[in-house]
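Taking it in order: structure first as structure tokens, then the write-up.
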Amino acid sequence: MPWHTKHTSLQERNNVNIEDTVALIDAGASVPGLPAVRGNLLTGPQQVVRIALALITKDGGINLPVGARVQEARLEITTAYTTGATISIGTASTPTAFQTTAQNNPQRANVPNTFVIHQDTAADNEPPRITIAGSPSVGAGFVTLRYTVPHE
């Protein structure tokens, strides 16, 4: 069966107007199930940085590339932190750029707990920084950042 025939049956079966979907993509809209779009150009391949956490502020060890856009900041708590601990994810210049302390709860029981923030945030040529405050005595986890460098 040719692709066009499959495409048409998919459109009919799902009541999807392909021309409207293409117009949304051309306008820069996000369409579920399709790659991210910036203008008329698809973003570059996604890259991942995973950073193990303990009890103190930690830098990611590498600079995010010039022009990078963070698409997702994921905080996974594997051992609950003690009362008063806060965690934010960002960079040295903007410590809450990717996830603020209000967007997670590192003390929540029943670990693992995962807090995911989807976004499109600039992260130009700085290492990621996970700021851990409140002097916790117990706690551990991971931060995963998914980013891309859009085609220009």
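The values are calculated or read from the model by the stated rules, or taken from the named source; none is laboratory data. Note that the coordinates shown come from a computational prediction; the quantities given were computed from them, not determined experimentally. Note that we place each Cβ from the backbone using ideal geometry, even for glycine, and neighbour counts take in every protein chain shown.
For region 98-132, taking the residues that are among the aliphatic types (A, V, I, L, M) and free of Cβ contacts under 8 Å to residues at least 60 places away in the same chain, the one that is farthest from Arg69 (Cα to Cα) is identified as Ala109.
Among the residues of this structure, Val49 counts as one that is closer than 29 Å to Phe142 by Cα and at pLDDT 55 or above. Residue count for region 107-152 satisfying the condition of being surrounded by fewer than 20 Cβ atoms within 10 Å (Cβ to Cβ), in a loop (DSSP other than H, G, I, E, B), touching a strand residue (DSSP E or B) at 6+ places or on another chain (Cβ under 6 Å) and modelled with pLDDT of 95 or more: 1.
Checking the structure you have, find out if any residue of region 57-64 is crowded, with 18+ Cβ neighbours inside 10 Å and touching a Phe, Trp or Tyr at 6+ places or on another chain (Cβ under 7 Å). Checked against the condition, which is being crowded, with 18+ Cβ neighbours inside 10 Å and touching a Phe, Trp or Tyr at 6+ places or on another chain (Cβ under 7 Å), region 57-64 yields at least one hit. Of everything listed in (1) outside any loop (DSSP other than H, G, I, E, B); (2) among the small types (Gly, Ala, Ser); (3) at pLDDT below 95, the single unmet condition for Ser88 is (3).
The number of residues in region 83-95 that are free of Cβ contacts under 8 Å to residues at least 12 places away in the same chain and in contact with a Ser or Thr (Cβ under 6 Å, 6 or more places away or on another chain) comes to 0.
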